[in-house]
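Heads up, the thing below is written out as structure tokens.
The values are calculated or read from the model by the stated rules, or taken from the named source; none is laboratory data. Please read all numbers here as calculations on a predicted model, not as lab measurements. Cβ coordinates were reconstructed from backbone atoms using ideal geometry, including for glycine residues, and neighbour counts include every protein chain displayed. Just so you know, the surface numbers come from the protein's heavy atoms only, side chains and all, with ligands and any DNA or RNA stripped out. Shrake-Rupley method; radii C 1.70, N 1.55, O 1.52, S 1.80 Å.
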Amino acid sequence: MSSPTASLPERTPRRRLGVGAVVVLVVAIAAASVVIGMIRGAADAAARPDVDTIAVDEAQVPTVYVHVFGAVANPGLYRLDEGARVVDVIAAAGGLTPEADENAINLARPLSDGEQLQVPAVGESPAESPVDGGDGRVNLNTADVTALDTLPRVGPAIAQRIIDWRESNGRFTSVDDLLSVPGIGEKMLAGLRDLVTV
């Protein structure tokens, strides 16, 4: 009868000792986790580039300047990253006004440096002239099919190809870019060189 009473006090100290050991083990694991976290954090910080390096890299991204006017919220001169498209400069200018003729412009066309982009209102014709400086030369960047069709050996089909190339690739930067238009070769370019400008 005395044996159950004698064994009870022996169990209690063993349980207390076991709980104490578990608490010490948990604290030791938590401390080790904190130390490992600090070491990893320091290693990650060392591997990351500093802010000055990032700022220098971003400053070296080539840019283009585009003057947008017409039916946009905030007409003006905008600086964009190289590779920007018409939709990007329109977004920079605050978007189209309710009067804008969205179908009159190619939103996906790449922009080129120094470009002037008019967003016409519905029913409005572009203000840009197909000739440059009043010297009678046809401007490849602003001419419509009718103006291009006045050039020798350029019919409506090639005139349309010139416009299609311009809409897909951006402004002509040189008269020599005409060689990239299907149907125009060296001989035809030689006949056009003094009659066109960019």
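Taking a ≥ b ≥ c as the square roots of the eigenvalues of the Cα gyration tensor, the range 151-190 is oblate, since a/c reaches 1.5 or more and a/b is not larger than b/c. Among Glu102, Glu115, the order of accessible area from largest down is Glu102, Glu115, computed with a 1.4 Å probe on protein heavy atoms.
Relative to one another, the C-alpha centroids of the range 73-112 and the range 136-198 are positioned 24 Å apart. Largest accessible area first, the listed residues Ser174, Ser168 line up as Ser168, Ser174 when surface is computed with a 1.4 Å probe on the assembled protein chains.
For the range 66-192, rounded, prolate or oblate, judged on the Cα gyration tensor with a ≥ b ≥ c (square roots of eigenvalues), a/c < 1.5 rounded, else prolate if a/b > b/c? Here the range 66-192 falls in the prolate category. Loop-located trypsin sites (Lys or Arg not before Pro) in the range 152-197 (DSSP state not H, G, I, E or B) with no more than 14 neighbouring Cβ atoms inside 10 Å: Arg153, Arg193.
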